[in-house]
1. Between a first residue in the stretch 43-62 that is free of Cβ contacts under 8 Å to residues at least 60 places away in the same chain and a second residue that is part of a loop (DSSP other than H, G, I, E, B) and buried (at least 19 other Cβ atoms within 10 Å of the Cβ), which pairs have beta carbons less than 8 Å apart while being 6 or more apart in sequence or on different chains?
2. Can you confirm whether the stretch 14-25 contains a residue that is under 23 Å from residue 108 (Cα atoms) and modelled with pLDDT of 85 or more?
3. Could you please find all residues in the stretch 114-132 being surrounded by 14 or more Cβ atoms within 10 Å (Cβ to Cβ), free of Cβ contacts under 8 Å to residues at least 24 places away in the same chain and more than 12 Å from the chain's Cα centre (by Cα)?
4. Going residue by residue through the stretch 106-113, is there one that turns out to be buried (at least 16 other Cβ atoms within 10 Å of the Cβ) and under 14 Å from residue 42 (Cα atoms)?
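The values are calculated or read from the model by the stated rules, or taken from the named source; none is laboratory data. Please read these numbers as outputs of a predicted model, since none were measured by experiment. No Cβ is skipped: glycine too gets one built from the backbone with ideal geometry, and neighbour counts run over all protein chains shown.
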């Protein structure tokens, strides 16, 4: 009887400790989900999906893959609309994705990318590195800064007037 009582107490203790343990959640998971939505949006040449991940402010700053700068969400959206209208058959691969939490409400993600697409009927391919800075705004992870650097910039690709300005 004494053995049954001890065995019951042990089972109860293990059960209590199992219920008392909190499951650890990966704090980078929501950031990765936003990044994955960006990648899908690019693959689909879907301006709305791509722009949905960025903080909708005119203070946002984009360092583009052609070495230019774009300031402002509306300006970037217009540029993407013009570009995506000429884009089809997009393939995008990201590797070495690394997410670093900078506290509970900010993070950055860096990766390498390789993209092929048809632009205005001509096959293009490019590769490079990207860094996205994320901030938790109103309980939603949003990108507040993008920096893209190509391995070999295409000198023939048009640069929008807004991207020629040194800002």
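1. Hits for this filter: zero, empty list.
2. So in the stretch 14-25, the residues under 23 Å from residue 108 (Cα atoms) come out as 24-25.
When the remaining residues are screened for being modelled with pLDDT of 85 or more, the result is 25.
Taking every residue of the stretch 14-25 in turn, at least one turns out to be under 23 Å from residue 108 (Cα atoms) and modelled with pLDDT of 85 or more.
3. Selection gives 114, 129.
4. The answer is yes, given that some residue of the stretch 106-113 is buried (at least 16 other Cβ atoms within 10 Å of the Cβ) and under 14 Å from residue 42 (Cα atoms).
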